[in-house]
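The values are calculated or read from the model by the stated rules, or taken from the named source; none is laboratory data. Not measured: the values here are computed from a predicted model. In this analysis, Cβ positions are derived from the backbone assuming ideal geometry, glycine residues included, and neighbour counts consider all displayed protein chains. Accessible surface is based on the protein model in full, side chains and every heavy atom, while ligands, DNA and RNA are left aside. Shrake-Rupley method; radii C 1.70, N 1.55, O 1.52, S 1.80 Å.
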Amino acid sequence: MGPITANDNPAMIDLRNLSRWYGRFQALREVSFQLAPGRVGLLGPNGAGKSTLLKILLGLLPPSSGSGRVLGHVLGEDSAALRRTIGYMPESDALVPGLRGAEYVALAGELYGMPRREAQRRAHEVLTYLELEEARYRRLEEYSTGMKQRLKLAQALVHDPPMLLLDEPTSGLDPAGREAMLRLLLTLGREHGKAMLLSTHLLGDVECVCDTVLILHQGRLLLQGSVAELCRRRHDRYRLQIQGDATTFREELRLEGVRILHDNGRGELRVVVPPGWATRTFFALADNHRLLLRGIQPDDEDLEELFHRVLNEEGRHGRESEPGRDA
Amino acid sequence: MGESRNQAATPELLHYRPWRGAFRPPIASVWPIARVALMSLFRKWMFWVIYVLGLLIFLLFFFGQYLLSWAQTQAGETEVQLGGWGRTNPRQLIQLFRGLLKLDGGPQTYHNFFSYQGYIVMIVLALAGSILIGNDLRFGSLPFYLSKPLSRWHYLLGKGLAVAVFINLMTTVPALLLYAQWGLLESWDYFYERFDLLLGILGYGAVLTVTLTLLLLATATWLRRTVPLIMTWTTLFFFFRLLASALVDGLRFSPRWRLIDLWNSTSLIGRTCLGVPPRPMAFANQPPWHEAALILGGVSLLCLIYLIRRIQAVEIVR
Amino acid sequence: MPDLLDSPDSGRGDRPLTAGLDLSFHETINPNHSLTVAAPTAAPLLLCQRVSKWYGPVIGVNQVTLELRSGITGLVGANGAGKSTLLRLITGHLRPDLGCIQVRGWDAWSTEARQHVGYCPETDAFYEEMSGRQFVESMARLCGYSRREARKRTEAVLERVGMAGRAERRLRGYSKGMRQRIKLAQALLHDPELLVLDEPLSGIDPVGRWEFIRLFRDLAALGKCLLISSHELEELEKLTDHIAIMAHGRIAAVGTVAQIRDRLDNHPLLIRIDVRGHSHAEHGNEREARRLAAALLKLRDVVGVELLDSPPDESVDPVLVRARNPQRFFQELTHLVLEEWYEIARLETLDDSTQAVLGYLLRGCSA
Amino acid sequence: MYQSIFFFCFLFSLSFLGVLGVLAVRRAGLSQTRAWCYLVWLSWQRQARASQMVWIAVGLLAFAVALVAIFTAMGAWSMHYWRWPYRQGPTFLQWADEIQIVMSVRDSSASGQGVQAALAAAVRGIVEHSGFAIFSHWGVFLLFLSFLLPLFNLSFATEALGGERESNSLIWLLSRPLPRPAIYLGKFVALLPWTLGLNLGGFGLLCLAGGQPGWLAFRLYWPAVLAATLAFSSLFYLMGAWFRRPAVAAIVYAFFLEVILGNMPGYMKRISIGFYTRCMMFDAASAFGIQPERPDIFLPVEGTTALAVLLGLTIALLGIGTVIFSRTQYQEIV
């Protein structure tokens, strides 16, 4: 019994017109997509329906309408067998108060169906791997946020599932913790062949870990595409750090056709450059105005801008192809 | 821990290793759930306080039996003077005590023990219900359990198992200890001759376990919070008991009214299980045991129906 | 970690422990945070003196000394460094085991101190059955305002946090971002001088984050003193550069990021420069990076240069430079670029961010 | 006697509120008093919103009242219809008639007849007036005093602080500029309408449903119910400030310790609240022949002493609670 690979299972997830209502509130609207096994990012702002989608994929919630398959299991049929192949890292704390770290992970292993001793052994192994070794015997109440996140990952990994569903794995983490978590996920995906679906509202998370991205907005699937493609357009943005009085420098930049998106007033500028721009010009301008240029970094488009772009494109596209879709 | 992460650790040790092995069926996860539930209760000092209070009754019975038995062996055949009333044989005197206190290894001993445990079982269960089920709902542990390959039934079964263990820890297990103690104190023959008592104890325990477990699961999933749970639970076991006694003993209503007292109903069935001989006066004041069985069966069925409906509801995941 | 808790402290008394630097707030000269003109006798807004707090055997806050008078101060540190404990001590929800905390001269545990403090706690529990507006209004009335005044203030703060239009729903159905806004609104009600905000930015999407940052700036401009704890160092850097760094229950350093960084003499700046393309024909088929590295090595302030492997998908070659005296180094780098025609795709100081400073400080601590 | 008790209670509550008011005003200006009044109002409201609890309490009360009303309609509060021998013989009323007839037939001397007539009338009188005794014993002592009264107090008083702690919302009150003693006492005052309303009001309803004997019972017993409510509320409220799970601690006390202590022989029972309540009741109804089953074992105290003890206990518990609440550092429950 090996991990389910691309050969066994051409589609990791295959959804057709999936909708979910909570009373009169529609959390998911007619979501359809197919995904090959790999690392997939699920992006969207708070309340876009990401958590609902994950719970449906896990067989915890039945879809109100539509159908789907996850790793070959039809949704709603044998959800226990489906859940055995998935490690789920919930967004909420979902801890069992009163337990110690190692007990908690071992319990998860047993609930997945591992024999008791095996689950305990494996719990310690996974905790060591996630560098929670010293905290193993602490009570869950004493864990800090970062440790809780890794603990939740540990309980999802304990039975070595072929696929991971991660709901906001980096929320509440300090930057070092976030970086470590992302590195961990990348390693798991690249070197150990874990398929994963990573839900987040941070573009950086997806960019770092995933190769495919899904964007949800208000319960609707806005975009499915490769991360590389999504990030392709960003070569025209820079973040500059300068030291000194920047007023004339900014004027000069404008004259050169550079658009200044934002100036934080303390020497940091975000700019959009015209095509064919050479960064050398920045240096030249800075030198002219007796400024010190301390940093040039290719800049990210933030999620909000990305949404606006995707929404605009989608809107245009939608109007052309499916006129009645929004009704 | 942030700093240690940056330093390269020994790669061999920290390598992720795959795991190969056969999974067990979901039913195997019932016991882990129960075990963890028990563990989280045993780690509360409040539980031990109540449990020790409950054990007081057991100790009373245990040492009562022991002391009387010991006194009997110590007492000689000599007659003792009892005040101005005359002389009597101490053995007979002790025998009389035993009969009066019902510490004679007969069915009545065990029945009394079970009945006296009523209040303490009620209090323990009110505590257990809010910790076992209320806590899971409050701290959001439910997604943890339900995201595992087990159905909601397995989850409930696990919690039910934990509850059943408590109930038996308070009732059946001490009763069995009393049984063993009597056999060891008196004679081995007791085990052969009164084997029916052993079965009776087990039967009584089983009735208690099934009824109370279902009732607790149903009320705890319905009410969730501690205070309402305690209110309902005391109403069921305290108020109805008072009411029944007011109605039947005070206002001389039909003994059938005693059926609203669930603990009394279980006690009636237990009486039948143990084969307690009916005492004419007291028994006339009690409804027949099959009516009690009918009531308990009805209550259990209602709880079961409620649980089935509740567990199929979607919103418990949210 | 354990050696940290007991050893280094004995001889030093109340000085904040850092990797060889001792910056306390009033020593630093910083235009954004110059003291408000106050009579010398006036008590500082917040004064923590050698405060320690234990949770059972675990130490939560260890000999913290902090003085605030105005402006925005960021409180940063890893998860579990003691930030929340410190904030709870300041707002009078906990009492220090050692030392004392005063707000305008009142003990932080007293009622009078609480009149000067607005607190936005980390917890996410409300009176869930109320609507957002009802909640804020009852909080206003608990401050002692009349019904009319409370309503007026409620509207004002809701407006300010951008919830005026959507405060009618029940709190139970609020998203994380809306909850954060309501929490902030109730902290602003009685117009306190000191605002203590515990993780106000966590769980908010990027748009909300910007609005909050703007709001905090406005508040600071009104003369409020803000103490904000956050992991979102990048956001915090946008907001203020005056930070207090906490590690293992101690304040490791207070000051601006640059000040703290500049004092770390034993760590030369680490700068990454990505150069694009191959070099010109006259230099042979040499990589551009190699040429730059050679040029850099000739500069006075460069301590070391390292060529890194280029990332697989990009046509750039990274060079890692260690340099002292950043002012002069960047000046010379500019000239180098202009004179020798390099195309720089990225110029980034890797270790002057708060995070990097934090990293150095922590390593200094644990070493 | 009852006037004086009533007056004392009234004075007590007035002075209590007065002390609170003075405390609140003295600490810092006028607006704090307003904040305190609002705190009382808000806490009162929030108790109402713990709807499950209120519904269960009201339902329980309605159930008890309905039962009592049915019994009253059936005339169950007297011994008329009791039979002797049990369940088979004629009723007591028939016995009384029969005694009268038999006696009048047997002896015809004038003096003898007088004695016999008096005896028969006494028997009849006891049978007729037995209603109050029966109602007292079953309706008041058993149903109300040993169950409804502690339960109502327990549920509302532990929820007042315990509920806030359990849902982690105490932090909002504690971060307001209100003195901690004022918060503690304010929430207690907000609790009183609930416990007093349910207990006194519930007792009133129960008695109203009890007809003639019920009316008498209410007139005699209400001071005891009031005092017991105050004492129980302050005790359980204190548990809310102290324990993580106050409801469980309170239930152990109310239904286990009270039962055990209250039935112990000797002076041990004098540390239970129920003992003093019963003493007040016995004292109030002594003219009607209500007394403990075994006065030599029960060892009752004077009614006024019992009242003083209960009120003193209330004040002491509130004081202790205020000190505890002002010094405790409340943490969130994870």
Give the shape of chain B as rounded, prolate or oblate, defined through the alpha-carbon gyration tensor: a ≥ b ≥ c are the square roots of its eigenvalues, a/c under 1.5 means rounded, and otherwise the shape is prolate if a/b is larger than b/c and oblate if not. prolate
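Of C:Lys83/C:Lys224; C:Lys83/C:Lys176; A:Lys55/A:Lys152; A:Lys55/C:Lys83; D:Lys187/D:Lys269; A:Lys50/C:Lys176, which sit over 23 Å apart, Cα to Cα?
On the way: C:Lys83/C:Lys224 20 Å; C:Lys83/C:Lys176 21 Å; A:Lys55/A:Lys152 16 Å; A:Lys55/C:Lys83 34 Å; D:Lys187/D:Lys269 30 Å; A:Lys50/C:Lys176 14 Å.
A:Lys55/C:Lys83; D:Lys187/D:Lys269, as the Cα separations exceed 23 Å there.
In what order, largest first, do A:Leu58, B:Leu93 sit by accessible area if the probe radius is 1.4 Å?
On the way: A:Leu58 0, B:Leu93 55 Å².
Solvent-accessible surface, decreasing: B:Leu93, A:Leu58.
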Relative to the longest principal axis of the C-alpha atoms of chain B, give the angle of the C-alpha long axis of helix B:30-42, reported between 0 and 90° and rounded to the nearest 10°. 70
If one takes the longest principal axis of the Cα atoms in chain B, at what angle in degrees, from 0 to 90 and to the nearest 10, does the Cα axis of helix B:262-274 lie? 60
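Around A:Met89, under 9 Å between beta carbons, what's the net of Lys plus Arg minus Asp minus Glu among the other residues?
Working: positive: A:Lys152; negative: A:Glu91, A:Asp167, A:Glu168.
Value of the local net charge: -2.
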For D:Pro292, the net charge from surrounding residues (Cβ-Cβ under 13 Å; K, R +1; D, E -1) works out to 0
If contacts are Cα pairs under 8 angstrom and at least 6 residues apart, what is the relative contact order of chain A in percent? 18
GluC sites (Glu not before Pro), loop per DSSP, at most 15 other Cβ atoms within 10 Å - longest free stretch of chain A: A:78-255
Rounded to 10°, Cα long-axis angle of helix B:289-312 versus longest principal axis of chain B: 10
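Return one quarter of the surface area of the convex hull spanned by the alpha-carbon atoms of segment D:162-289, equal to its mean projected area, in nm². Before the final figure, lay out each step's value.
On the way: hull surface 38.7 nm².
Result: 9.7 nm².
Which value in deg cm²/dmol, rounded to the nearest 500, describes the helix-derived mean residue ellipticity at 222 nm for chain B, given -39,500 (n - 2.57) per DSSP H run of n ≥ 4 and division by the residue count? Walk me through the intermediate numbers first.
On the way: 17 runs with 215 residues, N = 318.
Taking each H run of at least 4 residues, the total per residue is -21500 deg cm²/dmol.
What relative contact order, as a whole-number percentage, does chain B give when Cα pairs under 8 Å and 6 or more residues apart are counted? Mind showing how you got there, number by number?
Values: 296 pairs, mean separation 65.4, N = 318.
Here the relative contact order equals 21 percent.
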When ligands, DNA and RNA are left out and all protein chains stay put, how many square angstrom of accessible area per residue does segment C:38-139 have with a 1.4 Å probe? 31
Under a Gaussian network model of chain A whose springs join Cα atoms within less than 10 Å, the largest fluctuation of A:Thr85, A:Thr281, A:Thr200 belongs to A:Thr281
What quantity of accessible surface, computed with a 1.4 Å probe and excluding non-protein components, is buried in total between chains A and C, in Å² to the nearest 100? 3200
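If you count only protein heavy atoms with a 1.4 Å probe, what accessible area per residue comes out for segment C:179-223, rounded to a whole Å²? All intermediate terms of the calculation are to be shown ahead of the outcome.
Values: 1190 Å² over 45 residues.
Ligands and nucleic acids excluded, the result is 27 Å² per residue.
Considering only protein heavy atoms and a 1.4 Å probe, what is the carbon-and-sulfur percentage of the accessible area of chain A? Walk me through the numbers before you get to the answer.
On the way: 6140 of 13300 Å².
The nonpolar share, carbon plus sulfur, comes to 46 percent.
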Share of alpha-carbon pairs per 5 Å distance bin for segment A:13-230, given as whole %: 1, 7, 15, 19, 20, 16, 12, 7, 2, 0
In terms of the Cα gyration tensor, with a ≥ b ≥ c the square roots of its eigenvalues, is segment A:158-220 rounded because a/c is under 1.5, prolate because a/b exceeds b/c, or oblate? oblate
Using a ≥ b ≥ c from the Cα gyration tensor of segment B:116-157 (square roots of the eigenvalues), is it rounded, prolate or oblate, where a/c under 1.5 gives rounded and otherwise the larger of a/b and b/c decides, a/b for prolate? oblate
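At most 13 other Cβ atoms within 10 Å and a DSSP loop assignment: could you name the GluC sites (Glu not before Pro) in segment D:238-334 that fit?
D:Glu293, D:Glu302
Hey, what D do you get for segment A:237-298 in µm²/s if you plug the Kirkwood alpha-carbon radius into Stokes-Einstein at 37 °C and 0.692 mPa s? Don't jump to the answer; show the numbers that get you there.
Numbers: Rh = 11.3 Å.
It comes out at roughly 290 µm²/s.
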Note to self, chain A gives a 222 nm [θ] from helices alone (DSSP H runs n ≥ 4, -39500 (n - 2.57) apiece, / all residues, nearest 500) of -11000 deg cm²/dmol
